[in-house]
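Just below is one structure, and these are the notes that go with it.
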Amino acid sequence: MSEYKERRENEIFTKVLKAGRRTYFFDVRETKAGDYYLTITESKKNFSENGEASFEKHKIYLYKEDFKAFMDLFNESTDFIITQKGEDVISEKHEKDFKPKSYTIESEEEI
């Protein structure tokens, strides 16, 4: 069985978040034992000097026993950032009147 086919067969649920040059994939997958786990993949589109596109990918595997602690720390960390710096993006690339590109959440059927 091909790696692609095997990977697709254990995928139960997928959501996609497009955020500029980055795309985040939230995939619920099934273990060989029949339990579920979550993978979060960040895919970033890069271009070489000759203009060819490539994708840099980073993946996190999250298992049910870690969900609560992960969510608690994620929420605590994001709350800290918003409390300390607000929701405005601070960057040399962003001016005060900068309008961020809208984020889109897609279902697997739309990809």
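Which one of these is of a type in the set (Ser, Thr, Tyr) and modelled with pLDDT under 95: Tyr103, Tyr24?
Being of a type in the set (Ser, Thr, Tyr) and modelled with pLDDT under 95 holds for just one of Tyr103, Tyr24, which is Tyr103.
Being out of contact with any strand residue (DSSP E or B) (no Cβ under 8 Å at 6 or more places or on another chain) and either in a loop (DSSP other than H, G, I, E, B) or among the aromatic types (Phe, Trp, Tyr) (or both) is the filter; apply it to the stretch 18-34 and report the residue that is farthest from Glu106 (Cα to Cα).
Applying the filter and picking the extreme gives Ala33.
Provide a single number: the residues in the stretch 10-49 that are more than 24 Å from Asp66 (Cα to Cα) and not acidic (Asp, Glu).
Number satisfying all stated conditions: 10.
I'm trying to understand the selection: among the residues of the stretch 43-73, which are in contact (Cβ under 8 Å) with a residue 12 or more places away in the chain, more than 22 Å from Ile105 (Cα to Cα) and either touching a strand residue (DSSP E or B) at 6+ places or on another chain (Cβ under 6 Å) or not in a helix (DSSP H, G or I) (or both)?
Tyr63
Starting from the stretch 15-42, keep only residues that are under 23 Å from Glu56 (Cβ atoms) and touching a residue at least 40 places away in the same chain (Cβ under 8 Å), then list their pairs with residues that are polar (S, T, N, Q) and exposed (fewer than 13 other Cβ atoms within 10 Å of the Cβ) whose Cβ atoms are within a distance under 8 Å, requiring at least 6 positions of separation or different chains.
The qualifying pairs are Lys15/Ser107; Val16/Ser107; Leu17/Thr104; Lys18/Thr104.
Just a yes or no: is a residue in the stretch 2-11 touching a strand residue (DSSP E or B) at 6+ places or on another chain (Cβ under 6 Å) and modelled with pLDDT of 90 or more?
Scanning the stretch 2-11 turns up no residue that is touching a strand residue (DSSP E or B) at 6+ places or on another chain (Cβ under 6 Å) and modelled with pLDDT of 90 or more.
The values are calculated or read from the model by the stated rules, or taken from the named source; none is laboratory data. The structure displayed is predicted, hence computed values, not measured ones. Here Cβ is always computed from backbone atoms with ideal geometry, including for glycine, and neighbour counts include all displayed protein chains.
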